[in-house]
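K.L.:
Quick one: this structure, given as structure tokens, is what I'll be asking you about.
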Amino acid sequence: MQRAPSLTVLLIAGLAGASPAQAQTATPAPQTAAVSSDAIKQREQELEAARAQQKSAEEAQAKLKAEITALGQDRTQLNQQLIDTAANVRTVETKIDEAEARLQNLNGSERQMRASLDSRRADIVEVLAALQRAGRRTPPALLVRPEDALQSLRTAMLLGAVVPELRGRAERIVGELGELVNLRKSIAVERDQLAADRDKIRNDQTRLTALVDERQRQQASRENDLDAEKTRAIALSRQVGDLQGLIAKMEQDLQSAAKAAEAAKQAAAAASAKSGPAAFKDRSRTAPAIAFAAAKGLLHLPVNGNKIRDFGGSDGVGGVQKGISLASRPGSQVTTPCDGWVVYAGPFRSYGQLLILNAGGGYHVLIAGMERISVNIGQFVLTGEPVATMGSTSQVASILATNASQPVLYVEFRKDGTPIDPGPWWAANEGEKVRG
């Protein structure tokens, strides 16, 4: 019967929602003391710690700015840092998604276990009360009234007869409570890792923003009339009613887009014989590493997400889907799936913010649904380079009808103006990811 106290502690811990260690060491909370010199001193220490943290953040920002400025002198290094940092952000985004999924499962298991224990609360209380009585009762005294000794003996005999059954019930409950405690430990570990990943992604996003700003600063210094070009591009976009008309209008009437289209044409004529992932390692290139037609099986999706619509399926409004739609996390970064020249970047009709790349060889890549685009018309971008950021809701009108709770990115490939299935271009692991 000496096990009764430890079982009791564990039972109380589970019913109260605390760990066994907390149940054993719990003490009544002391009465809140009045504001004293100690409280004032503690407040001053907290303020000093906050000032030190702010100073440290400012120093880190200054160091980062100096580092980015130095990188800016070397275009190859800047491109390398952009792509590497964007890849880091995407990796952490994936880890956060996976951790949140694991946490959701663990929390669900905890809810089920607690519901099971709550449904048997009466049984637990009965077992607990019996074990408490058995644990606290002393052996019958010999030098007292016989009636008392007999009654004590009968009670002890009765308890002795039911103890095996009680012990079995108690041990089953203890096993469940132990599993509940382990679940809570797992949840705590996952939450700590999730917090660390969120801190890391904030730091990486700060760095990425600085790198993008430096890239665009350099671009602006090379193009004195960028604002005028943007304004003209939007004005031209309002004169056409479809995507093919938009592409033709941009590459015909807009100077920077026309230059980009010509560069794409020349690059296609002099396409490199290189093939495979190694072809993309040269960060100083100013033309596609390989011909777009030769890039099948090599490209990565422009955003972390799940495919909710596929090429050729219903577009939700009575038509056929001409591209793919990916549901992503709010604020996710968007990277280029391929090398190419920007021939349009801005709002367009029901697509929200739209980015069009001329990938050469008659191929165009259209990406829509972002909240903000961070590249300019005429700019050459490398595979994996950050070019946009998702918002918090869907921006594409046709997606709104699906009641999607997440922002959605729309991706479309075109060859000589005709939409084509992008499936063959995605890397194998990307195809598996979106199918899941």
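K.L.:
Let me confirm something: among 382, 357, which residue is surrounded by 22 or more Cβ atoms within 10 Å (Cβ to Cβ), over 26 Å from the mean Cα position of the chain (by Cα), modelled with pLDDT of 90 or more and not polar (S, T, N, Q)?
P.N.:
Of 382, 357, the one residue that is surrounded by 22 or more Cβ atoms within 10 Å (Cβ to Cβ), over 26 Å from the mean Cα position of the chain (by Cα), modelled with pLDDT of 90 or more and not polar (S, T, N, Q) is 357.
K.L.:
Among the residues of the stretch 364-373, is any among the aliphatic types (A, V, I, L, M), surrounded by fewer than 21 Cβ atoms within 10 Å (Cβ to Cβ) and farther than 30 Å from residue 227 by Cα?
P.N.:
no
K.L.:
Something else about it: From the list 303, 334, exactly one residue is open to solvent by less than 20 Å² (accessible area, probe 1.4 Å) and either part of a strand (DSSP E or B) or among the aromatic types (Phe, Trp, Tyr) (or both). Which is it?
P.N.:
One residue alone meets the criteria, 334.
K.L.:
For the stretch 177-193, state whether one or more residues are assigned to a helix (DSSP H, G or I), at pLDDT below 70 and open to solvent by less than 50 Å² (accessible area, probe 1.4 Å).
P.N.:
No, the stretch 177-193 has no match at all.
K.L.:
Also, quick follow-up: Taking only the stretch 314-354 into account, find how many residues are more than 20 Å from the chain's Cα centre (by Cα) and over 27 Å from residue 239 (Cβ atoms).
P.N.:
Matching residues across the stretch 314-354 total 5.
K.L.:
Also, I was wondering about something else. I want to confirm something. Restricting to the stretch 306-325 and keeping residues that are in contact with a helix residue (DSSP H, G or I) (Cβ under 7 Å, 6 or more places away or on another chain) and in a strand (DSSP E or B), which single residue is modelled with the highest pLDDT?
P.N.:
So the residue we want is 325.
K.L.:
If the requirement is being farther than 24 Å from residue 268 by Cα, surrounded by 21 or more Cβ atoms within 10 Å (Cβ to Cβ), aliphatic (A, V, I, L, M) and touching a strand residue (DSSP E or B) at 6+ places or on another chain (Cβ under 6 Å), which of these qualifies: 345, 388?
P.N.:
388
K.L.:
Considering (1) of a type outside the set (A, V, I, L, M, F, W, C); (2) open to solvent by less than 30 Å² (accessible area, probe 1.4 Å); (3) modelled with pLDDT under 85, say which one residue 281 fails and leave the rest.
P.N.:
(2)
K.L.:
Follow-up. For residue 288, are the conditions met, namely being outside any strand (DSSP E or B), in contact with a strand residue (DSSP E or B) (Cβ under 9 Å, 6 or more places away or on another chain), under 24 Å from residue 242 (Cβ atoms) and not small (Gly, Ala, Ser)?
P.N.:
Answer is no for this residue.
K.L.:
So which residues in the stretch 46-99 are farther than 20 Å from residue 305 by Cβ, touching an Asp or Glu at 6+ places or on another chain (Cβ under 6 Å) and at pLDDT 60 or above?
P.N.:
Hit for the stretch 46-99 is 82, nothing else.
Residue-wise test of (1) at pLDDT below 85; (2) open to solvent by 70 Å² or more (accessible area, probe 1.4 Å); (3) under 19 Å from residue 365 (Cα atoms).
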{"residue": "261", "(1), (2), (3)": "no, no, yes"}
{"residue": "268", "(1), (2), (3)": "yes, no, yes"}
{"residue": "271", "(1), (2), (3)": "yes, no, yes"}
{"residue": "276", "(1), (2), (3)": "yes, no, no"}
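The values are calculated or read from the model by the stated rules, or taken from the named source; none is laboratory data. Not measured: the values here are computed from a predicted model. Glycine gets a Cβ as well: all are built from the backbone with ideal geometry, and neighbour counts include every protein chain shown. Areas reflect the complete protein model, heavy atoms only, side chains present, ligands, DNA and RNA absent. Shrake-Rupley method; radii C 1.70, N 1.55, O 1.52, S 1.80 Å.
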